[in-house]
1. Within the range A:15-36, which residues are open to solvent by 60 Å² or more (accessible area, probe 1.4 Å) and assigned to a loop (DSSP other than H, G, I, E, B)?
2. Do you know which of the residues in the range A:40-66 that are over 26 Å from B:R254 (Cα atoms) and of a type in the set (V, I, T) is most open to solvent (accessible area, probe 1.4 Å)?
3. Taking the range B:57-71, which residues are surrounded by 15 or more Cβ atoms within 10 Å (Cβ to Cβ) and under 16 Å from the mean Cα position of the chain (by Cα)?
4. Within the range B:108-154, take every residue that is crowded, with 20+ Cβ neighbours inside 10 Å and polar (S, T, N, Q) and give me the one that is nearest to the other protein chains (Cβ to nearest Cβ).
5. Can you name the residue in the range A:99-117 that is more than 10 Å from chain B (Cβ to nearest Cβ) and in a loop (DSSP other than H, G, I, E, B) and is also most open to solvent (accessible area, probe 1.4 Å) among such residues?
6. Residues that are at pLDDT 95 or above: find the helices (runs of 4 or more DSSP H) completely inside the range B:1-88 holding 1 or more of those.
7. Quick one: B:P98 ticks every box in (1) part of a loop (DSSP other than H, G, I, E, B); (2) open to solvent by 10 Å² or more (accessible area, probe 1.4 Å) except a single one, so which number is it?
8. Here is a list: A:V104, A:V127, A:V136. Which entry is in contact with a helix residue (DSSP H, G or I) (Cβ under 7 Å, 6 or more places away or on another chain), farther than 26 Å from B:S147 by Cβ and modelled with pLDDT of 90 or more?
Amino acid sequence: MRACLRSTSVEYTRELGRVMGASAKPGDVFLLCGGLGAGKTMLTQGILWGLGSEEFARSPTFVLVNEYHARLTVYHMDLYRLDSFDDLDGLGLDDYLFGDGLCVIEWADKAEGYFPTDHVDVSISAVSDTERIFSVSSSADERSQLIQAVVDFGRLHADEHR
Amino acid sequence: MNPEIECSSRQSIPRVLYIRRIRANREGFAKIKVELQIDTSTRYASVGISSDGASIVEIGWRSERNHSMELVPAINRAFAQARRGVEDLDSVLVASGPGGFSALRVGMSTAKAIASTRSIPLVAVGTLDLEIEPFEGMGARVCALISAGRNRLYVGVKDPADTVVKVDLQQTAEFLGGLSPSTIYCGEAAPDLAAEMSARLGGSFRASLSAPPSRRASALARLGYRKLQAGETADPATVEPLYLRSSQVSAAARRWGVRQ
């Protein structure tokens, strides 16, 4: 199942994240793919707020993993700096990926195939300076509720803009 | 050497016992060996002190990813209760996994540190072997289960004729598809799967369903001491915990290897 949305503002991206955070379940894994400045951390900010956190998401590029405590424990990771399989494997991500929290992983495309098969893919492409296309998808039936929530959010806002 | 003088500086050991041990050594009797057990494979952790493979003290607790803070204080409590100190140790016996990534690392690195600084043997025993130990000799296939997180299980199988436990990482659904009424199921995750196993095997199944902790430091003492006697020690410089990888991750590893 897949949802496609067009964001024209940071606020919209955060609201999308908020919807995803509100629908997240224990053990969910969100894989975020998109270039530098695409809005991955901004989306994560919304996800945190959707889970009831009031914290501001910081980029985990240098620390690899940031942990936030909200309705679910959020593990915000960034694989940007990893450049070998051993580096990745030595992190012990299994404790997070198969735990009861929510994993939000930036630059996940660097480790394709490493993650649980029921993950949610979020790909972000920059169309212009202010415009982004979000594609949210999952091959797992258990995630269809979350994708549906994103689809509904997209419809609601499409109506507003009309 | 005057045992009385030496004794006064070592207050953790009762004087009489200590003198007796020194005399025993002097007179050429075999020294009583002391082993330390460490098992931090899962959130149910334990440490123990044993003598010639028989448990003296066992301390178990439930840890929520706090093994690194809790392990050394627990070892010190076990030493205090057994009236022994780290200087009395003759070997370290450690559970080597499978289990939690960080959890295993804490126990393994602590065990390595003690073994290498004291220059005493280190023995690694599989965690699923420890789950199976109480059911050995029952003449049936024994299958031990430990959760590997969402929908996954570490599965250890031992037939009566086997000398080693076969270890595997399986999806829970895959495991439940291959149940057998003649197998004895045990391990930390067995109680959680009882309803499902019962439904699939029509109510007649053999399993140990007592609540965790299901692994005992005494089992590690017994199996570890047996390996020690057989000379099956591990090199503290190189031994690693047993991490099992799903076939999917192995495939990713291969792809990644190609990309480099």
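The values are calculated or read from the model by the stated rules, or taken from the named source; none is laboratory data. Because the structure is a prediction, the values reported are computed rather than measured. As a convention, Cβ positions derive from the backbone with ideal geometry for all residues, glycine included, and neighbour counts pool all protein chains shown. We work out accessible area using only protein heavy atoms, side chains counted, and drop any ligands, DNA or RNA first. Shrake-Rupley method; radii C 1.70, N 1.55, O 1.52, S 1.80 Å.
1. A:K25, A:P26, A:L36
2. That would be A:V63.
3. Those that are surrounded by 15 or more Cβ atoms within 10 Å (Cβ to Cβ) and under 16 Å from the mean Cα position of the chain (by Cα): B:V57, B:E58, B:I59, B:G60, B:W61, B:S63, B:H67, B:L71.
4. Top of the filtered list is B:S147.
5. As a first pass, look at the range A:99-117 and keep what is more than 10 Å from chain B (Cβ to nearest Cβ): A:101-109.
Then drop every residue that is not in a loop (DSSP other than H, G, I, E, B), which leaves A:101, A:107.
Details: A:G101: 4, A:W107: 44 Å².
Selected residue: A:W107.
6. Those helices (runs of 4 or more DSSP H) span B:67-82.
7. Among (1) part of a loop (DSSP other than H, G, I, E, B); (2) open to solvent by 10 Å² or more (accessible area, probe 1.4 Å), the lone unmet condition for B:P98 is (2).
8. Values: A:V104 fails: farther than 26 Å from B:S147 by Cβ; A:V127 fails: in contact with a helix residue (DSSP H, G or I) (Cβ under 7 Å, 6 or more places away or on another chain).
Exactly one of A:V104, A:V127, A:V136 is in contact with a helix residue (DSSP H, G or I) (Cβ under 7 Å, 6 or more places away or on another chain), farther than 26 Å from B:S147 by Cβ and modelled with pLDDT of 90 or more, namely A:V136.
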